[in-house]
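Engineer: What follows is a single structure, and I will ask about it in a moment.
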Amino acid sequence: MSTQPQTWAKSDGKAKLAQMIKNPESTIHTTMTFDELYNMKDYHLYKKENFKRNINRLYEQLTGSKKLWPETKSLKKSANKKKSVEKQTKPKKPEPWKSSLSKAFLLKLLMDQSKPIEGMTSREVYESHEVFQQYKFERFRDNLKSLAKAVEVDEEWARIEVKDFLEDAKLEPPKKLTSRGYPFWHKSKAKLSLPADVESGKADKLKPKELWMTRKEYQDYPLDVFRGHVHQEKRAQREGPYWQVKRNKKGLKKHNEHTDKLKKEWVNTHGKEKQLKTMMALFS
């Protein structure tokens, strides 16, 4: 048996192949793969690259179109297996930060009166729980800073309101104005008007001073005081859907229970570590 293939141009193999291509019912037009054809008698004697180039040229000459070979079963199976593995190993995309459990958990730590994460670096907080680590560190760090600043602003304004209330509560008879000369915010008309202006987007389109000029009740307050309430209301509405509006009562209760549990576990673990470090620092 000859181990040398015939010259392709004058070969029997080329002639048989031409007959197959001319036959519209031949499987070469449908399911036959290139490897199946190449492994037929005598074709495997040609170099695979040369044979494929020759058959593609012949197919295009006789049909006027390029030959698109179906994948071999082994290659197809391998490709499907690869896709399956990639799908299994692909990391799960974290939920949006705005409505995430991570944000709720972090907010509770920041608002806790015992200040459990005070003195910790962004990296230390990030590495303190796996729920934070589903986000890239850089993104978590920026979110932590924004959230901490927002909580600090809220607490400061709360302190001012309480201070004004307590100071004026001492006066007899009760006054309508604070010791600073403007109405109590919690029972003012301005407090009733501002949420609607923030929700409608009006407060985003206008600068605080421009918004301040739109209502007489806003002008009962100094601009800097009013500006603080605008920022506070914006944050309340940003966090509101996350805490209340978009979660039904049952879901909110379950969500809060989950974050409370996370906080308790976190404080039990890292709070003790923090206490130990403080004690060691005293004796060092």
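Engineer: Being polar (S, T, N, Q) and open to solvent by 50 Å² or more (accessible area, probe 1.4 Å) is the filter; apply it to the stretch 254-269 and report the residue that is modelled with the lowest pLDDT. Break it down into steps so the answer makes sense when it comes.
Structural biologist: Taking the stretch 254-269 and keeping what is polar (S, T, N, Q), we get 256, 259, 268-269.
Within this subset, residues satisfying the condition of being open to solvent by 50 Å² or more (accessible area, probe 1.4 Å) are 268-269.
Numbers: ASN268: 74, THR269: 71.
Across the stretch 254-269, the extreme among qualifying residues is THR269.
Engineer: In the stretch 9-37, which residues are assigned to a loop (DSSP other than H, G, I, E, B) and surrounded by 10 or more Cβ atoms within 10 Å (Cβ to Cβ)? Working first, answer last.
Structural biologist: Quick first cut of the stretch 9-37, residues assigned to a loop (DSSP other than H, G, I, E, B) only: 11, 23-26, 30-33.
SER11, ASN23, SER26, MET32, THR33, listed by residue number.
Engineer: Separate question: Could you say whether any residue in the stretch 203-214 is open to solvent by less than 40 Å² (accessible area, probe 1.4 Å), assigned to a helix (DSSP H, G or I), hydrophobic (A, V, I, L, M, F, W, C) and modelled with pLDDT of 90 or more? Write out each step before concluding.
Structural biologist: We begin by selecting, within the stretch 203-214, every residue open to solvent by less than 40 Å² (accessible area, probe 1.4 Å); these are 203, 208, 211.
From what's left, assigned to a helix (DSSP H, G or I): 203, 208, 211.
Then drop every residue that is not hydrophobic (A, V, I, L, M, F, W, C), which leaves 203, 211.
Next, only the ones that are modelled with pLDDT of 90 or more stay: 211.
Among the residues of the stretch 203-214, at least one is open to solvent by less than 40 Å² (accessible area, probe 1.4 Å), assigned to a helix (DSSP H, G or I), hydrophobic (A, V, I, L, M, F, W, C) and modelled with pLDDT of 90 or more, which makes the answer yes.
Engineer: Which residues, counting only those in the stretch 88-137, are of a type outside the set (Lys, Arg), open to solvent by 90 Å² or more (accessible area, probe 1.4 Å) and more than 13 Å from the chain's Cα centre (by Cα)?
Structural biologist: Across the stretch 88-137, the qualifying residues are GLN88, THR89, MET111, GLN113, GLU118, GLU127, GLU130.
Engineer: List pairs: first in the stretch 259-270 and touching a residue at least 40 places away in the same chain (Cβ under 8 Å), second surrounded by 16 or more Cβ atoms within 10 Å (Cβ to Cβ) and aromatic (Phe, Trp, Tyr), Cβ under 6 Å, 6+ apart or cross-chain?
Structural biologist: Hits for this filter: THR259/PHE105; LEU262/PHE105.
Engineer: Another question, if that's okay. Have a look at GLN61, GLN6 and point out the one that is modelled with pLDDT of 80 or more, part of a loop (DSSP other than H, G, I, E, B) and farther than 30 Å from ILE117 by Cβ. Write out each step before concluding.
Structural biologist: Values: GLN61 fails: part of a loop (DSSP other than H, G, I, E, B).
After applying the criteria, what remains is GLN6.
Engineer: Does any residue of the stretch 84-93 turn out to be at pLDDT 80 or above and out of contact with any His (no Cβ under 6 Å at 6 or more places or on another chain)? So that I can check it myself, show each step before the final result.
Structural biologist: First, the residues of the stretch 84-93 that are at pLDDT 80 or above: 93.
The next check asks that each one be out of contact with any His (no Cβ under 6 Å at 6 or more places or on another chain); those that pass are 93.
Yes, the stretch 84-93 contains at least one residue that is at pLDDT 80 or above and out of contact with any His (no Cβ under 6 Å at 6 or more places or on another chain).
Engineer: Kindly check whether there is at least one residue in the stretch 221-238 that is modelled with pLDDT of 75 or more, assigned to a helix (DSSP H, G or I), surrounded by 12 or more Cβ atoms within 10 Å (Cβ to Cβ) and of a type in the set (Val, Ile, Thr).
Structural biologist: Yes.
Engineer: Continuing with this model, one more query. What's the number of the condition TYR218 fails, among (1) of a type in the set (Ser, Thr, Tyr); (2) modelled with pLDDT of 90 or more; (3) open to solvent by 50 Å² or more (accessible area, probe 1.4 Å)?
Structural biologist: For TYR218, the failing item is (3).
Engineer: On to the next question. Sort out which residues of the stretch 120-136 are out of contact with any Ser or Thr (no Cβ under 6 Å at 6 or more places or on another chain) and closer than 16 Å to THR269 by Cβ, and write them in order of number.
Structural biologist: Those that are out of contact with any Ser or Thr (no Cβ under 6 Å at 6 or more places or on another chain) and closer than 16 Å to THR269 by Cβ: MET120, GLU124, VAL125, TYR126, GLU127, SER128, HIS129, GLU130, GLN133.
Engineer: Does LYS41 meet the test of being open to solvent by less than 40 Å² (accessible area, probe 1.4 Å), modelled with pLDDT under 80, assigned to a loop (DSSP other than H, G, I, E, B) and not small (Gly, Ala, Ser)?
Structural biologist: Numbers: open to solvent by less than 40 Å² (accessible area, probe 1.4 Å): no; modelled with pLDDT under 80: yes; assigned to a loop (DSSP other than H, G, I, E, B): yes; not small (Gly, Ala, Ser): yes.
Considered against the rule, which asks whether it is open to solvent by less than 40 Å² (accessible area, probe 1.4 Å), modelled with pLDDT under 80, assigned to a loop (DSSP other than H, G, I, E, B) and not small (Gly, Ala, Ser), LYS41 comes out as no.
Engineer: Does the stretch 160-173 contain any residue that is in contact with a Phe, Trp or Tyr (Cβ under 7 Å, 6 or more places away or on another chain), at pLDDT 90 or above and open to solvent by 60 Å² or more (accessible area, probe 1.4 Å)?
Structural biologist: So far as the stretch 160-173 goes, no, none of its residues is in contact with a Phe, Trp or Tyr (Cβ under 7 Å, 6 or more places away or on another chain), at pLDDT 90 or above and open to solvent by 60 Å² or more (accessible area, probe 1.4 Å).
The values are calculated or read from the model by the stated rules, or taken from the named source; none is laboratory data. In this text the structure is predicted, and so the values were computed from the model without any measurement. For neighbour counting, all protein chains shown are included, and Cβ atoms are generated from backbone atoms with ideal geometry for every residue, glycine included. Note: accessible area is taken over every heavy atom of the protein model, side chains too, but ligands, DNA and RNA are not part of it. Shrake-Rupley method; radii C 1.70, N 1.55, O 1.52, S 1.80 Å.
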